[in-house]
Amino acid sequence: MVEGEWDIITGNHAAALAAKLARVSVVAAYPITPQTTVVEYLASFIESGYMNAEYIRVESEHSAMAAVIGAAAAGARTFTATSSQGLLYMAEVLHWAAGSRVPVGMAVINRALGPPWNIHVDHQDAMSQRDTGWLQIYVSSNQEVLDTIIMMYKVAEHPDVMLPFMVCLDAFVLSHTFMPVKIPRQEEVDEFLPPYRPRHWLLDPSEPISFGNLVLPDEEYQEMRWSIDLSMRRALEIMEDVAEEFSERFGRYHGGAVMKYRLSDADYVLLTSATLASEAEVAIDIMRDEGMRVGLLKLRSFRPFPHRDLRESLQGRKGVIVIDRSISFSSGGPMGNEVRSSLYDISGAPPVVNYIAGLGGRDITYNDLIMMTKDAIGRISTGRLKRPYYWYKLKPEYQRVELAEEVIS
Amino acid sequence: MSITIHDLRKRESSYLPGSAACPGCGATIAFRIASRILGPNTVYVIPACCFSIIQSPYPRSAISAPILNFAFAAAAAAASGVQRAYKFMGKDVNVVVWAGDGGTVDIGLQALSGAAERGENIIYICYDNEAYMNTGIQRSGATPMKAITKTTPTGKQEMPKDMPMIVAAHRVPYVATASVGYPFDLANKLEKARKIRGFKYIHIFSPCPPGWDFPVNKTAEVGKLAVDTYFWPLYEIEEGKLRITVKPRKKPLREFIRMQRRFESLSDEDIEEMEKLVMEKWNFLVNLEKLERIF
Ligand SMILES: Cc1ncc(C[n+]2csc(CCOP(=O)(O)OP(=O)(O)O)c2C)c(N)n1
Ligand code: SF4
């Protein structure tokens, strides 16, 4: 692998390279399939001298997150990676990172949660951490993995943001799949991403500050939460600016909070994220060839959630088809619900048809995406919108139960 | 060259007047001594415990040192991160975990064990008030047998974990027990720990008037009696070599037990039984002291 050249590498390799190119100085990580090779790449980078960093081989994910928070508090740029149960095991300290306003970086290889054990792609792990105060970006290719991690350090360390971020990539579909990736040169990345210089609190003996001590209700606890919310909202514009600057320097644009594909004249909009979104581009092309006016809105950023962008893009369409790879039980897909709440008060808002699909790694091809889009358009045009969300591709005997429920309800 | 009262008086403590500690709190005595020895070039990582409160609420602080307050389970891991970041930057700073017994022997044990096994260059200090005091006196893995807590209302049934020995079994360069009743012994151990590289562990017996139910002016006395009755032997393990640092003339355990209402359910036979256990432990240590190395 040569910097400045094209190579064919996995998503996990791209994530580890991004950490190196971002000049991360402290890494702490704990292995879990399918993240494991990230940990291994980083170890070999550091031990071979290719990357200059401290590597803390912790005994758990809870400790991995704790260690990077500690290192960031002392002023280091930090990185970790995890998946599934590992992310859940971090839950307590994920909140600690955001509340501490440390711009820690993490690659999350999205994998299903147990039981039963399942190592394949599913977004339930990250979705269940959506309220931790972390920026959450979903990507669709290995190039986007590498570029986004580098970009997100710049977003997260912006003085108006100062929040941790996770870049989410699909288990195996990206993590273990080889794809062509243009590897930037270190000097180019250095010019784009300056060293991390925290402008506010820092653990520094020459300026003692007690960080995180008790706050009583009348002091600024609520204001601190508000400031996280404000920073999240600010991050939307900053993300766009950074994506544009990146595209000027590197010639690659993956979108800011969203990416649009054949959207401008579309009557119906397919909205999804991660690798389903790259599959959706194929589906859109096929449907366009059939004469259907469909377009794609790929959601890159789930937190912050780009409400304004969505309202502008979706207003006046005939329908929106949202495909989630996770479920908020009894309530629908997290994206589906978010899109609905975004559009709720627009008069004549387009109907939203939400599908739950591809859980636990079940294969979803462009054909499936076409099937869902056609099913949704059929439902919208005949007024058969009976339920807030639909399960896609259940095994037939289960589908019968689901359909019977639909008739009753 | 051991530390004397004159040395201690010359050094500034980072414990300021006006904290939120209970009167007579042993943990604050320990902290005042520790911060004097460790000096201003020190940062503290503090998990959930009484000290989260003792610092006093935001925006004030009763401690004039940088503190990273942290989640209960992961202080040793957070401190590892802090220390490695300083190491990367070429800064030499004492990174100290200051944790209660619950955060050390129970929920924090995994992170502590990981940091010890990795040989992180930090000082881990457990101030042991022998129960969860921050949440209102519940038993911990360090609570002594027969002690009454709110979750052991008739007295704890089990023996406490031998935490210093558990840490020593990780073959770290320095482990010591201490008591606020022997402040210079504590000061000297801290001074040693400060100079040694690698993972250092000091377990300080810190009496707690409300938790153990004794008068607030008796903290030092309880701390001293624990040692003098062999309830809490003072020793250190340096590079695997164990040395008992204080060998007092043995006093009857009863004197220590009867000062505290937490042991009020103990019968005379119970105390006899405990006296036996205490002597067993003491003799065990004396035997270990004869060995070239214990680990
Ligand atoms: C994950 C988690 N569980 C429980 C608590 C509640 N909690 C806070 S402090 C504490 C007990 C602390 O006991 P110890 O470590 O012995 O310190 P002390 O308060 O006695 O000084 C508990 C149970 C918590 N903060 N976090
Ligand atoms: S409860 Fe005990 S340990 Fe906690 S502050 Fe009060 S005296 Fe100190």
Looking only at the stretch A:314-324, decide whether some residue is more than 27 Å from A:Phe172 (Cβ to Cβ), part of a helix (DSSP H, G or I), of a type outside the set (Gly, Ala, Ser) and in contact with a helix residue (DSSP H, G or I) (Cβ under 7 Å, 6 or more places away or on another chain).
yes
Checking the conditions here, which among B:Ala75, B:Ala111 is surrounded by 24 or more Cβ atoms within 10 Å (Cβ to Cβ), more than 7 Å from every other protein chain (Cβ to nearest Cβ) and touching a residue at least 12 places away in the same chain (Cβ under 8 Å)?
B:Ala75
Which numbered condition A:Thr36 misses (of (1) surrounded by 24 or more Cβ atoms within 10 Å (Cβ to Cβ); (2) within 20 Å of the chain's Cα centre (by Cα))
(1)
Looking at (1) more than 7 Å from chain A (Cβ to nearest Cβ); (2) buried (at least 20 other Cβ atoms within 10 Å of the Cβ), which one does B:Arg9 not meet, given that it meets all the others?
(2)
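For the structure I just gave you, tell me whether A:Val24 is more than 9 Å from chain B (Cβ to nearest Cβ), open to solvent by less than 10 Å² (accessible area, probe 1.4 Å) and not aromatic (Phe, Trp, Tyr).
Details: more than 9 Å from chain B (Cβ to nearest Cβ): yes; open to solvent by less than 10 Å² (accessible area, probe 1.4 Å): yes; not aromatic (Phe, Trp, Tyr): yes.
Yes.
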If you check A:Ser231 against the conditions, is it within 14 Å of chain B (Cβ to nearest Cβ) and either among the hydroxyl-bearing types (Ser, Thr, Tyr) or touching a Lys or Arg at 6+ places or on another chain (Cβ under 6 Å) (or both)?
no
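Hey, among the residues in the stretch B:12-51 that are small (Gly, Ala, Ser), surrounded by 22 or more Cβ atoms within 10 Å (Cβ to Cβ) and touching a residue at least 40 places away in the same chain (Cβ under 8 Å), which one's nearest to ligand 2 (Cβ to nearest atom)? Lay out the reasoning, then the answer.
Restricting attention to the stretch B:12-51, the residues satisfying the condition of being small (Gly, Ala, Ser) are B:13-14, B:18-21, B:24, B:26-27, B:30, B:34-35, B:39, B:48.
Those left that are additionally surrounded by 22 or more Cβ atoms within 10 Å (Cβ to Cβ): B:14, B:26-27, B:30, B:34-35, B:48.
Okay, now just the ones that are also touching a residue at least 40 places away in the same chain (Cβ under 8 Å), so B:14, B:26-27, B:30, B:34, B:48.
Details: B:Ser14: 17, B:Gly26: 7, B:Ala27: 5, B:Ala30: 10, B:Ala34: 15, B:Ala48: 12 Å.
If we take residues in the stretch B:12-51 being small (Gly, Ala, Ser), surrounded by 22 or more Cβ atoms within 10 Å (Cβ to Cβ) and touching a residue at least 40 places away in the same chain (Cβ under 8 Å), then B:Ala27 is nearest to ligand 2 (Cβ to nearest atom).
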Only one of (1) surrounded by fewer than 16 Cβ atoms within 10 Å (Cβ to Cβ); (2) of a type in the set (Val, Ile, Thr); (3) in contact (Cβ under 8 Å) with a residue 24 or more places away in the chain is not met by A:Ile238, so which one is it?
(1)
Run B:Ile204 past the list (1) within 14 Å of chain A (Cβ to nearest Cβ); (2) open to solvent by less than 30 Å² (accessible area, probe 1.4 Å); (3) within 16 Å of ligand 1 (Cβ to nearest atom) and report the number of the one that doesn't hold.
(1)
If you take the residues of the stretch B:114-134 that are within 14 Å of another protein chain (Cβ to nearest Cβ) and either within 16 Å of ligand 2 (Cβ to nearest atom) or not aliphatic (A, V, I, L, M) (or both), which of them is farthest from B:Ile204 (Cα to Cα)?
B:Arg118
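In the stretch B:251-271, which residues are of a type in the set (D, E, K, R), within 16 Å of B:Ala226 (Cα to Cα) and not in a loop (DSSP other than H, G, I, E, B)?
At the first step, the residues of the stretch B:251-271 found to be of a type in the set (D, E, K, R) are B:251, B:254-255, B:258, B:261-262, B:264, B:268-270.
In the following step, the residues that additionally are within 16 Å of B:Ala226 (Cα to Cα) were identified as B:251, B:254-255, B:258, B:261-262.
Listed by number, the residues that qualify are B:Arg254, B:Glu255, B:Arg261, B:Arg262.
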For the stretch A:210-228, give me the residue count where each residue is open to solvent by 80 Å² or more (accessible area, probe 1.4 Å) and away from chain B (no Cβ under 11 Å).
4
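The values are calculated or read from the model by the stated rules, or taken from the named source; none is laboratory data. Treat the numbers as computed from the prediction; the structure is a model and nothing was measured. So basically every Cβ, Gly included, is an ideal-geometry build from the backbone, and we count neighbours across all protein chains shown. Remember, those area values only see protein heavy atoms, side chains included, never the ligands or the DNA or RNA. Shrake-Rupley method; radii C 1.70, N 1.55, O 1.52, S 1.80 Å.
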